[in-house]
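Worksheet for the structure shown next.
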Amino acid sequence: MIIGAGQSSLEDDLRAVAQAHGRIARPDPEPEKGYYYRSDHFEFAKLGVPALYTYRGTEIAGRPPGFGMQKRHEYV
């Protein structure tokens, strides 16, 4: 999962590497919560330094749809 999707020129590289390993990179499903703007990555972006804020995501292999998001909400 890419927190702050669309904010870094490194995202295309991340997607290519993920695809090469049979994985996918998706944007944060809850951007309205502002995780990116409260991160250290945002400070780099303001200075023009490319940085990626990634998270393990919410789609869990072998689990039903919504399982990962449910666990994320329980944690937060």
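Below is a table of values for the structure above.
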{"quantity": "Positions within region 40-76 being among the basic types (Lys, Arg), closer than 21 Å to ALA18 by Cα and free of Cβ contacts under 8 Å to residues at least 24 places away in the same chain, in sequence order", "calculated": "ARG63"}
{"quantity": "Of residues in region 1-45 being aliphatic (A, V, I, L, M) and in contact with a Phe, Trp or Tyr (Cβ under 9 Å, 6 or more places away or on another chain), the one surrounded by the fewest Cβ atoms within 10 Å (Cβ to Cβ)", "calculated": "ALA5"}
{"quantity": "Region 58-70 - residue that is open to solvent by less than 90 Å² (accessible area, probe 1.4 Å) and on the phi < 0 side of the Ramachandran plot and, of those, farthest from the chain's Cα centre (by Cα)", "calculated": "PRO64"}
{"quantity": "Which listed residue, of GLY4, GLY48, GLY34, GLY22, is among the small types (Gly, Ala, Ser), modelled with pLDDT of 90 or more and in contact with a His (Cβ under 7 Å, 6 or more places away or on another chain)", "calculated": "GLY4"}
{"quantity": "Counted residues, region 46-57 - those being over 18 Å from LEU14 (Cβ atoms) and either open to solvent by 100 Å² or more (accessible area, probe 1.4 Å) or among the charged types (D, E, K, R) (or both)", "calculated": "2"}
{"quantity": "Region 10-37 residues that are touching a residue at least 40 places away in the same chain (Cβ under 8 Å), paired with ones that are of a type in the set (Val, Ile, Thr) and part of a helix (DSSP H, G or I) (beta carbon under 8 Å, 6 or more apart)", "calculated": "none"}
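The values are calculated or read from the model by the stated rules, or taken from the named source; none is laboratory data. Bear in mind the structure is a predicted one, so any value in this text is a computation, not a measurement. No Cβ is skipped: glycine too gets one built from the backbone with ideal geometry, and neighbour counts run over all protein chains shown. Please note that ligands, DNA and RNA were not included when accessible areas were found on the heavy atoms of the full protein model with its side chains. Shrake-Rupley method; radii C 1.70, N 1.55, O 1.52, S 1.80 Å.
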